[in-house]
Amino acid sequence: MSASRPRQFDLIAFDWDGTLFDSTAIITRCIQRAVVDVGGQEPSREAASYVIGMALAQALAHAAPDVSPDKYPELGERYRHHYVQHQDDISLFDGVLPMLASLKARHHLLTVATGKSRRGLNDVLQDVALQGVFDGSRTADETAGKPSPLMLHELMREFGVEPKRTLMIGDTTHDLQMALNAGCPSIGVSYGAHEPGAFHVLQPLAVVHSVAELNDWLQQHA
């Protein structure tokens, strides 16, 4: 597609974990271990993966309903402890970098809207392959956790883009609900944290099953 051809979307906002970054299994296991460390009952894989995309404190509290609130700081510390042990095991999904490069060449504004902390996102964005790729980002700890639309509202305001010209891409119902709350179209990806059966009620434009399929959709429609 020619860069001069009219685009449907000026700004594309990506979730991070489970959408661009292949981290779902590690995050799930770290949540499970952290809960056990503070004396809670280990959540199921489904329960632990469901909270991915939320702000960390909100996610851990949801995954550990039997842990008292006074232990939440320790719970967060134990999660971070386990995550640091495995953060080098995590990588971008195959095909993500070429997809982002192609979108960048077509002059889309590329952003990240994530439940990660600002520190955590900055750490991963230091990778040389990602330097200069994203035009902006928002994290849960500096705005509000999903599905609050605040991250998208701030990104749209920063770049002067209307909701209908903004596309949110994510792997969880939290991402798609955030887009709906912000008045933005969305795309759901089925290869991350949430089963895609619950996506359709949140009205995504499409549900794709691989990075290659996502790239094809973006090339044809974005």
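What follows draws every value from the coordinates through simple rules; no lab data is involved. Note that the structure is a prediction, hence the values are computed from the model and not measured. For neighbour counting, all protein chains shown are included, and Cβ atoms are generated from backbone atoms with ideal geometry for every residue, glycine included.
GNM on the chain, alpha-carbon springs under 10 angstrom: the most fluctuating residue among Lys146, Lys71, Lys116 is Lys71. Taken one residue at a time, the phi angles of the range 194-210 give Karplus couplings (6.51, -1.76, 1.60, θ = phi - 60°) of 9, 5, x, x, 8, 6, 5, 5, 8, 6, x, 5, 7, 10, 10, 10, 6 Hz. Gly and Pro are set to x. Just how many % of Cα pairs in the range 24-89 lie over 20 Å apart, if you round to the nearest whole percent? Of all Cα-Cα pairs in the range 24-89, 13 percent lie more than 20 Å apart. When the helices of the chain are scored as -39500 (n - 2.57) per DSSP H run of n ≥ 4 and the total is divided over every residue, the value at 222 nm lands at -12500 deg cm²/dmol. Here the gap between Gln126 and Ser190, fully extended at 0.36 nm per residue and compared with their Cα-Cα distance, gives a gain of 20.3 nm. Beta bridges assigned by DSSP with both partners in the chain are antiparallel in approximately 10 percent of cases. With each label modelled as a point 7 angstrom along the Cα→C-beta vector, the Gln8-Asp89 pair spans 3.8 nm.
To two decimal places, what compactness ratio does the chain give when its Cα radius of gyration is scaled by 2.2 N^0.38 Å? Show your work: numbers first, answer last.
Working: Rg = 17.0 Å, N = 222, 2.2 N^0.38 = 17.1 Å.
That ratio works out to 0.99.
With a Förster radius of 35 Å applied to the beta-carbon distance between His200 and Asp70, the computed FRET efficiency rounds to 0.30.
Computed from phi, the 3J(HN,Hα) profile of the range 113-130 under the Karplus parametrisation 6.51, -1.76, 1.60 (θ = phi - 60°) reads 10, 9, x, 5, 6, 4, 4, x, 5, 4, 4, 6, 6, 6, 3, 4, 5, 9 Hz, with x in place of Gly and Pro.
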